[in-house]
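Novice: One structure is given below, represented as structure tokens, and several questions about it will come after.
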Amino acid sequence: TLVDRFHDRVMFPIKDSSGKVIAFGGRIMTADKKAAKYQNSPESEIYHKKMTLYGIDVARSEAVRADKCYLVEGYFDVISMYMRGIKNVVASSGTSLTVEQIQMLRRMTPNVTVMYDGDSAGIHAALRGIDLLLKEGLNVRVVLMPDGEDPDSFAQKHTTDEINEFISSVETDFISFKANLLLESAGKDPIERSKAIQDVIRTISLIPDNITRSVYVKS
């Protein structure tokens, strides 16, 4: 029996940087726990998930103008932020961040702010993404949403001014974010604190620019 790949799903057209539709994503609308929450078009000659950033077609010009791009996780995060007037935002669409996606970001701007959920999964996703972004030479800052919120839900509850004010108040450079997070988790245990410091140093070592790397080491 043939079944529509996107049956009972909300559809999202996925576009390339020039605005041409290359695939579709679908979010399930039923409570079927056996079905995947999101379903994408199969990969093809024109659609490769690792080389796609959702929203790049509308974010590109604003990211270049602002010299900054926000990186979120999902379709709704991009849409809700855009509806609040924050247009320089793209999503990795649920995939682990790839080198190809980072290269696309770098062509727009070297300045990327990672915005992830404030829960444990969001924090660890931010840490993984930071290392890869740094390795590719980008300047990385981090914004963690309040616990229980994601960019989508937060944008729906707040005005544009409130969102921008929140970002300004919590946005931090990667080294402060990671150091504070790991040291807080380590507590007063000297062995765990030593491991945390080594982890931060390992992350700093990924920065390709010698001057930038030395500044972080001294700080």
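Novice: Name the long-range amide H neighbours of Arg141: under 5 Å, sequence gap of 5 or more, or other chain; modelled H, no Pro or chain starts.
Specialist: Amide H neighbours of Arg141, under 5 Å, 5+ apart: Val112, Thr113, Val114.
Novice: Report the local net charge at Ile102: Lys and Arg +1, Asp and Glu -1, summed over other residues whose C-beta lies under 13 Å from its C-beta.
Specialist: Spelling it out: positives minus negatives among the neighbours equals +2.
Novice: Provide His7, His48 ordered by accessible surface of protein heavy atoms (probe 1.4 Å), highest first.
Specialist: His7, His48
Novice: Under a 1.4 Å probe, what is the accessible area of the chain per residue, stated in Å²?
Specialist: 56 Å²
Novice: Between 0 and 90 degrees, rounded to the nearest ten: what's the tilt of helix 174-186 against the longest Cα principal axis of the chain?
Specialist: Between the helix axis and the principal axis of the chain, the angle is about 80 degrees.
Novice: Compute the distance in nm between two label points, each set 7 Å from the Cα along the Cα-to-Cβ direction, one at Ser168 and one at Asp16.
Specialist: According to this spin-label approximation, the distance is 3.9 nm.
Novice: List every residue whose amide H lies under 5 Å from the amide H of Val89, counting only residues 5 or more places away in sequence or on a different chain, with H placed 1.01 Å from N in the peptide plane.
Specialist: Tyr70
Novice: When ranked by the protection proxy of mean other Cβ atoms within 10 Å per residue, highest first, what sequence do the peptides 104-117, 154-167 form?
Specialist: Those peptides, ordered most packed to least, come out 104-117, 154-167.
Novice: Moving on. Could you compute the net charge surrounding Ser18? Neighbours are other residues with a C-beta less than 14 Å from the C-beta of Ser18; K and R count +1, D and E count -1.
Specialist: +2
Novice: Something else about it: Residue by residue, what Karplus-based ³J(HN,Hα) values in Hz, rounded to whole numbers, does segment 33-46 have, using 6.51, -1.76 and 1.60 with θ = phi - 60° and x for Gly and Pro?
Specialist: Those phi angles translate into 6, 7, 8, 5, 4, 10, 9, 9, 4, x, 5, 8, 5, 9 Hz.
Novice: Still on this structure, I have one more. Tell me the angle of helix 160-170 to the major Cα principal axis of the chain, expressed in degrees between 0 and 90 and rounded to the nearest ten.
Specialist: So the helix axis and the longest Cα principal axis differ by about 30 degrees.
Novice: Quick one: pull the percent of accessible area on the chain belonging to carbon and sulfur, 1.4 Å probe, ligands and nucleic acids left out.
Specialist: Carbon-and-sulfur percentage of accessible area, whole number: 52.
Novice: Rounded to the nearest 0.05, what FRET efficiency do Asp147 and Met83 give with R0 = 22 Å and r taken as the Cβ-Cβ distance? Could you check?
Specialist: 0.40
Novice: Between Val99 and Val3, how high is the FRET efficiency from 1/(1 + (r/R0)^6) when r is the Cβ-Cβ distance and R₀ = 25 Å? Nearest 0.05.
Specialist: 0.10
Novice: Give the residues of segment 2-16 whose amide nitrogen is closer than 19 Å to a point set 7 Å from the Cα of Met51 in the direction of its Cβ.
Specialist: 14-16
Novice: Based on DSSP, what percent of beta bridges with both residues in segment 3-126 are antiparallel, to the nearest 5?
Specialist: Here the antiparallel bridges make up roughly 65 percent for segment 3-126.
Novice: Using a 1.4 angstrom probe with every protein chain in place, what is the largest-first accessible-area order of Asp4, Asp67?
Specialist: If we order Asp4, Asp67 from most to least accessible, we get Asp4, Asp67.
Novice: Now a separate question. Between Ile123 and Thr160, what is the FRET efficiency for a Förster distance of 41 Å, r being their Cβ-Cβ separation, to the nearest 0.05?
Specialist: Calculated transfer efficiency: 0.95.
Novice: Still on this structure, please answer the following. Given the chain, what percent of its DSSP beta bridges are antiparallel, to the nearest 5?
Specialist: Antiparallel bridges: around 50 percent, rounded to the nearest 5.
Novice: Using only the alpha-carbon atoms of segment 166-219 as identical scatterers, what base-10 log of I(q)/I(0) does the Debye formula give at q = 0.25, 0.30 Å⁻¹?
Specialist: -0.97, -1.11
Novice: With a 10 Å radius around each residue's Cβ, average the other Cβ atoms per peptide and rank 169-181, 70-82, 51-63, highest first.
Specialist: 70-82, 51-63, 169-181
Novice: Next question. Hey, what did the chain get for relative contact order, percent, Cα under 8 Å, at least 6 apart?
Specialist: After rounding, I find 14 percent.
Novice: So what are the ³J(HN,Hα) numbers for segment 145-158, from phi and the Karplus equation (6.51, -1.76, 1.60; θ = phi - 60°), rounded to whole Hz, Gly and Pro as x?
Specialist: 6, x, 4, x, 10, 10, x, 5, 5, 5, 5, 5, 9, 10
The values are calculated or read from the model by the stated rules, or taken from the named source; none is laboratory data. Not measured: the values here are computed from a predicted model. In this analysis, Cβ positions are derived from the backbone assuming ideal geometry, glycine residues included, and neighbour counts consider all displayed protein chains. Areas reflect the complete protein model, heavy atoms only, side chains present, ligands, DNA and RNA absent. Shrake-Rupley method; radii C 1.70, N 1.55, O 1.52, S 1.80 Å.
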